[in-house]
Amino acid sequence: MTRKQTRLYGDLSLLFSVLASADVDPDLASSRDEAVSILEDYLLPRIKGELPLVIALIGSTGAGKSTLLNSLAGEVVSMPGALRPTTKRARVWSREDAAERLARIGPVSVSSHPLLEELALVDTPDLDSDFPEHRAEALSVVRAADFILFITTAARYGDQLVWETLESLVQKRPLAIVLNRVPSRSSGARNDLLARLRKAGLGHLEVYTISEQRIDPNRKRLSPQSVQRLASFLRDLPLAVRRSSANMASDRVAELVMPVRASLRAALQRRLGERSSLEKAAVELADITSESKVTRLRFRRPRVRADMVDRIEERVREALGDGSLSELSKEILREATPPYSLVAQRVIATELALRPPPEESFLDSLETGWQALLDASFD
Ligand SMILES: Nc1nc2c(ncn2[C@@H]2O[C@H](COP(=O)(O)OP(=O)(O)OP(=O)(O)O)[C@@H](O)[C@H]2O)c(=O)[nH]1
Ligand SMILES: [Mg+2]
């Protein structure tokens with residue numbers, strides 16, 4: 001790693017650990033989780049060292065993803081099947097020296113196929129069967145990938161899910177489409193798909209058409225000629241793709257982290273504010289409850305006792321802003337006996353203990369990582 005990369009790696013690791021350990025609002029948890037996963041599975045591994053360009057095969061069940069991977073590989077890497085869905089886990093096809101680092105995506109089949117000099121391909125489970133965990137697994141592969149091959153078929157390219165998914169995926173990574181199982185050149189499916197893509201503002205996407213063919217049940221793959229053009233496209237994917245996927249990934253992390261950062265900063269400020277008003281209340285209560293001989297005499301009377309407990313409670317509630325006295329403090333107050341200075345001290349100590357001081361380093365790390373993310377340019 002160059003010095004610049006080492007520094008970026010360090011700063012983004014900080015951002016990763018702060019985000020991973022932070023207590024965030026439930027409505028921000030999914031943004032936080034996605035950001036953590038892109039940092040961990042995509043950005044950090046790529047800054048650390050060269051990885052092949054990871055290509056994810058994504059699409060509906062039965063679109064022919066596994067068959068296509070086997071056809072590109074010239075061997076059975078991922079078992080296709082007539083049952084829907086078939087693939088349950090991501091399956092990586094990679095050269096041997098990258099296998100260990102790609103194993104976190106899924107089981108790896110290694111090969112010395114020439115296509116793998118610069119690439120690794122990943123077959124994924126479907127997006128649309130009634131196994132939601134399949135879709136989650138496919139989307140987690142997207143987070144770890146540089147490029148998406150979106151596979152659809154002549155029979156299914158009009159599905160709503162295809163368009164919804166395409167629109168969301170093009171924001172995440174560079175992408176090309178494979179229109180699979182086209183019955184004949186004259187079917188018009190390719191032209192129709194191209195027209196719809198233009199209408200959806202996606203006219204820039206490459207579309208590879210593969211015609212429907214008989215599949216030998218023993219070989220489980222298409223003829224080598226039918227995937228030749230796709231194979232050369234993949235082999236020639238320019239290095240610029242790597243740069244744009246890294247920039248897209250870091251933009252996405254920034255977009256996800258922005259509201260999380262705002263909420264964490266606000267929470268930490270709130271926590272600091274609560275602590276300082278509790279400390280102020282402690283000083284005032286020390287005055288109010290100081291046990292002079294006179295007060296000790298007066299507090300023997302039950303009415304005065306109740307007054308004193310009320311005053312402690314009232315002052316602590318006021319310091320807490322939202323008035324949410326802890327159950328523990330309420331119990332201490334219920335059972336309070338003189339000396340009341342001690343009661344006040346215990347209540348304040350209890351509330352302070354429930355609001356541990358924010359570590360300054362936490363905010364600092366968040367800011368350092370955030371700045372590094374905004375300044376990062378991957379080239
Ligand atoms: N006749 C014919 N069958 C195909 C073609 N492509 C795929 N199939 C068959 O369609 C079925 C589904 O193919 P798969 O490759 O398993 O599809 P998949 O996208 O991996 O499906 P999931 O793993 O469920 O997501 C298998 O039985 C394949 O043999 C094709 O071009 N022609
Ligand atoms: Mg499959």
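The values are calculated or read from the model by the stated rules, or taken from the named source; none is laboratory data. On a predicted model such as this, the values are computed, not experimentally measured, just so you know. Glycine gets a Cβ as well: all are built from the backbone with ideal geometry, and neighbour counts include every protein chain shown.
Selection of segment 110-162 for residues being outside any helix (DSSP H, G or I), acidic (Asp, Glu) and over 22 Å from SER37 (Cβ atoms) yields GLU118, ASP130, ASP159. Scanning segment 202-226 for residues that are aliphatic (A, V, I, L, M) and within 16 Å of ligand 2 (Cβ to nearest atom) yields ILE210, ILE215, LEU222. Based on this model, can you work out whether ARG3 counts as modelled with pLDDT of 95 or more and basic (Lys, Arg)? No; evaluated as a whole, the condition is false for this residue. List, please: which pairs have Cβ atoms under 7 Å, are six or more places apart or on different chains, and start with a residue in segment 57-78 that is within 14 Å of ARG135 (Cβ to Cβ) and near ligand 1 (Cβ under 9 Å from one of its atoms) and end with one that is in a helix (DSSP H, G or I) and not aliphatic (A, V, I, L, M)? If the second residue must be in a helix (DSSP H, G or I) and not aliphatic (A, V, I, L, M), the pairs left are GLY59/LYS65. Taking the conditions (1) over 21 Å from the mean Cα position of the chain (by Cα); (2) within 16 Å of ligand 1 (Cβ to nearest atom) in turn, VAL108 satisfies each one other than (2).
Residues that are in contact with a Pro (Cβ under 6 Å, 6 or more places away or on another chain) and either over 16 Å from VAL141 (Cβ atoms) or assigned to a helix (DSSP H, G or I) (or both) within segment 30-66 comprise just one, SER66. Only helices (runs of 4 or more DSSP H) whose full extent lies in segment 234-335 are considered here, and the ones with at least 1 residues that are at pLDDT below 90, farther than 30 Å from VAL24 by Cβ and touching a helix residue (DSSP H, G or I) at 6+ places or on another chain (Cβ under 8 Å) are 239-288, 293-298, 302-320. The set of residues in segment 79-109 that are within 16 Å of ligand 2 (Cβ to nearest atom), more than 23 Å from PRO238 (Cβ to Cβ), of a type outside the set (Lys, Arg) and outside any loop (DSSP other than H, G, I, E, B) contains only SER109.
Applying the criterion of being without any contact (Cβ under 8 Å) to a residue 40 or more places away in the chain and closer than 25 Å to GLU212 by Cβ to the residues of segment 145-164, the residue that is surrounded by the most Cβ atoms within 10 Å (Cβ to Cβ) is TYR157. Residue count for segment 42-71, restricted to those that are more than 16 Å from ligand 2 (Cβ to nearest atom) and either within 26 Å of LEU161 (Cα to Cα) or not charged (D, E, K, R) (or both): 10.
Can you confirm whether ARG243 is out of contact with any Ser or Thr (no Cβ under 6 Å at 6 or more places or on another chain), outside the structural domain of HIS113 (by TED's automatic domain parsing) and not β-branched (Val, Ile, Thr)? Here the answer is yes, as ARG243 does meet what is asked.
The single condition from (1) touching a residue at least 24 places away in the same chain (Cβ under 8 Å); (2) exposed (fewer than 13 other Cβ atoms within 10 Å of the Cβ) that ASP130 fails is (1).
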